[in-house]
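A short write-up of the structure that comes next.
The values are calculated or read from the model by the stated rules, or taken from the named source; none is laboratory data. Just so you know, these numbers come straight off a predicted model, no measurement behind them. Backbone-built Cβ (ideal geometry, glycine too); neighbour counts: all protein chains shown.
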Amino acid sequence: MSIYAVIVLAGILALLTHLSTSTFLRDQFSLTEEANFPTWLASILWLFVGISSYIANITDRMQNRPSRIWLLISFAFLYASMDEVCRIHERIPSWQCYYIVPISIVFALGGPFLWKRLREIPRVRIFLIAGACCYLLSLVLEFYAQIPSLHAALEEIGFIRKWNPIEFTEEMIELFGTAFLVHALLNYNLSRWKLLAGCERETAEIASSTET
């Protein structure tokens with residue numbers, strides 16, 4: 001719940017400082033700027049997903065369910081965490097135009113894989129579906145906002161030009177999507193650890209009764 005609370009706080013601060021006369025406050029809490037509080041938050045959330053995916057890989061391997069797709073997901077989100085701070089795709093224009101290709105590969109391979117693994121855990125699949133829907137909606141909003149004719153038409157609306165609600169919504173949805181994914185992976189790892197601990201306890205009890 002603390003993760004969701006911090007995301008809500010980031011959104012509130014962004015709204016409160018959006019029309020501030022202080023450039024420092026506006027830039028530090030804007031969801032559309034770089035190297036500020038929301039950027040740090042997004043980077044941390046993606047880092048959590050990368051670490052949780054790597055731990056899930058170790059846990060599944062201990063239960064004889066190895067899969068390299070865990071490593072693909074972990075690498076993708078660790079890169080996203082680094083890129084959020086280093087701004088690699090923004091410094092290389094050609095990469096910014098085609099980053100949809102690796103994103104599609106991760107979605108195509110990682111999506112069905114996560115659904116297959118996480119649907120086994122009650123309620124976890126709900127967070128996975130919510131996270132996937134948030135990411136898809138975020139991508140749709142981002143690409144539609146970049147269409148010149150549509151962007152120009154939207155700029156004619158005073159409210160949108162003043163508050164920029166499309167980009168605000170896109171960034172908030174992306175943050176919540178990552179939080180849902182973190183929630184799902186943490187619950188998955190916790191359930192696997194409990195199962196592993198239960199199997200070890202059962203094995204120990206069987207061994208003890210056999211010796212007796």
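General remarks:
- With respect to the conditions (1) under 12 Å from the mean Cα position of the chain (by Cα); (2) over 17 Å from LYS116 (Cα atoms), SER53 falls short on a single one, namely (2).
- Flag if ILE166 is surrounded by 12 or more Cβ atoms within 10 Å (Cβ to Cβ) and at pLDDT 90 or above: no
- Residue within the stretch 72-85 that is under 23 Å from ALA108 (Cβ atoms) and either more than 18 Å from the chain's Cα centre (by Cα) or of a type in the set (Val, Ile, Thr) (or both) present: yes
- Residue within the stretch 47-69 that is hydrophobic (A, V, I, L, M, F, W, C), surrounded by 15 or more Cβ atoms within 10 Å (Cβ to Cβ) and out of contact with any helix residue (DSSP H, G or I) (no Cβ under 6 Å at 6 or more places or on another chain) present: yes
- For the residues ALA184, ALA204, ALA152, the requirement of being of a type outside the set (S, T, N, Q), part of a helix (DSSP H, G or I) and modelled with pLDDT of 90 or more singles out ALA184.
Table: residues versus (1) at pLDDT 90 or above; (2) more than 20 Å from LEU185 (Cβ to Cβ); (3) part of a helix (DSSP H, G or I).
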site	(1), (2), (3)
ARG26	no, yes, yes
ALA35	no, yes, no
PRO38	yes, yes, yes
ILE55	yes, no, yes
LEU71	yes, no, yes
PHE107	no, no, yes
GLU120	no, no, no
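- Yes/no for ALA14 being in contact with a Pro (Cβ under 8 Å, 6 or more places away or on another chain), of a type in the set (A, V, I, L, M), buried (at least 16 other Cβ atoms within 10 Å of the Cβ) and in a helix (DSSP H, G or I): yes
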